[in-house]
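Heads up: the structure comes next, in structure tokens.
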Amino acid sequence: MPAASAKLPFALSREVRERPASDWASVADELSVAKVRIVEGRRWKHRVFEAGSGQPLLMYHGIGGHAETYARNIRALSEHFHVYAVDALFHGRSSKDGFDLPTMYDLLVDGFVDLVDALGYRSVAFEGESMGAMFGANLALRYPERVDRMVLTAGFYLFKPARAGFATAAHAARNLGELSTKAVVEPTFENVQRRMRWLVAEPGRMTDDIVDVRRELYADPEINASMRRVFNLDHGQFSTDLYDWPYTESDLASWQPETLVLWGEHNPGQGPDFGVYCADLIGAQFYTVADSGHWPQWEHPDEYNQLLIEYLTA
């Protein structure tokens, strides 16, 4: 049964005119507003890009990713929040120890709690994209008291839906497992670029500098070894079937945090109708980012930033 009647859809208070891609600075310049630091938790170390003051907002990237995912968001959001863009556990330059593939989404939640405690907060606003959204859903069910409002982008796969036949974007024909394997095993610019272009509706939107960021990370032996574990490359092939999915639709009736589910119009995988279905199950609001794939925060950052500002400060 649904947790509540869905509050669909979410609407912005004003039209957002997306600036041309040419107006965006390099990843390094966009991130210059933030300070980078390693936060020591009781169990793990967490790399964060930190900027702003006020209400804390923690942002988590997708699988195989890193905090630079939010290069085009931190500056605008830091005018309203104390933003922490985080390298999730086992990713980037955060801790790699204690990894266990079947329970990875529980460990990611434990890592979040470890970081929030180290930062001295009781609860925070949460944004998660893809893997970040998936463990965000797990977080909402395990520790709802640690989350204020939350935004879940293009990810909500902790249960087997009772319904089948959701629309799948043609973009999904590109095999994520194969692309991820090549990017990790042989992290050339071309291989990493192909993997990252899977994330966007238009390949040209994935800039060379963000590809270089990931290529350099994947070339680091410690990070590369962790990516091999995350993608199960030493024992087979990447698949979501490798994880423990402990929930049923009825479990979602206990959902508590006020939530906005976001979906890209051309998400490579389940389309927006799956996002609407998930939002309905938990009584969340829903928003489709037009002309966007799996990375709306990068493809349409002005719209995305306004969405977070309006929703999280409502």
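Hey, in the GNM for the chain with a 10 angstrom Cα cutoff, which one of 223, 38, 282 fluctuates hardest? In the Gaussian network model the winner is 38. With Cα atoms defining each centre, the stretch 38-60 and the stretch 214-229 are spaced 21 Å apart in the structure. Here the simple spin-label model places points 7 Å from the Cα toward Cβ, and for residue 53 and residue 12 these points are separated by 2.8 nm. Residues considered: 237, 270, 256. Largest GNM mean-square fluctuation over the chain, using C-alpha springs under 10 Å, is found at 237.
With all pairs of different alpha carbon atoms counted, what Kirkwood hydrodynamic radius in Å does the chain show? Computed over the chain, the radius equals 19.4 Å. For the chain, relative contact order (Cα pairs under 8 Å, six or more residues apart, normalised by length) works out to 25 percent.
All other residues whose Cβ lies under 11 angstrom from that of residue 48 are scored, Lys and Arg at +1 and Asp and Glu at -1, for a net of +3. Give the total of Lys-Lys pairs in the chain with Cα-Cα distances below 27 Å; include a pair only if its members are 8 or more places apart or on different chains. Lysine pairs meeting the criterion: 5. A Gaussian network model of the chain, with springs between Cα atoms under 10 Å, assigns the largest mean-square fluctuation among 180, 292, 53 to 53. A Cβ-based charge dipole, computed about the Cα centre of the chain with Lys and Arg at +1 and Asp and Glu at -1, lands at about 280 debye.
Using Cβ point charges alone (K and R +1, D and E -1), the dipole size of the stretch 107-178 about the Cα centre works out to roughly 340 debye. Shown for 63, 210: other C-beta atoms within 10 Å of each C-beta, ranked fewest to most, produce the order 63, 210. Placing +1 on the Cβ of every Lys and Arg and -1 on the Cβ of every Asp and Glu, with nothing else charged, gives the stretch 24-166 a dipole about its Cα centre of roughly 140 debye. Ranking 118, 91, 103 by Cα position along the charge dipole of the stretch 81-130, where only Lys, Arg, Asp and Glu carry charges on their C-beta atoms, puts 118 farthest toward the positive end.
Neighbours of residue 75, meaning other residues whose beta-carbon lies under 10 angstrom from its beta-carbon, give a summed charge of -2 when Lys and Arg score +1 and Asp and Glu score -1. For the stretch 108-137, backbone nitrogen atoms closer than 11 Å to the point 7 Å from residue 314 Cα along Cα-to-C-beta are found at no residue. With helices as the sole contributors, the chain gives -9500 deg cm²/dmol at 222 nm; each DSSP H run of n ≥ 4 counts as -39500 (n - 2.57), and the sum is divided by every residue.
For the pair residue 212 and residue 250, label points projected 7 Å from Cα toward Cβ lie 5.5 nm apart. In the chain, the DSSP beta bridges split such that about 30 percent are antiparallel, to the nearest 5.
Any read-out appearing in this document is the output of simple, stated calculations on the displayed coordinates, not a laboratory observation. Since this is a predicted model, take the numbers as computed values, not measurements. When we count neighbours, we look across all protein chains shown, and the Cβ atoms used for this are built from the backbone with ideal geometry, even at glycine.
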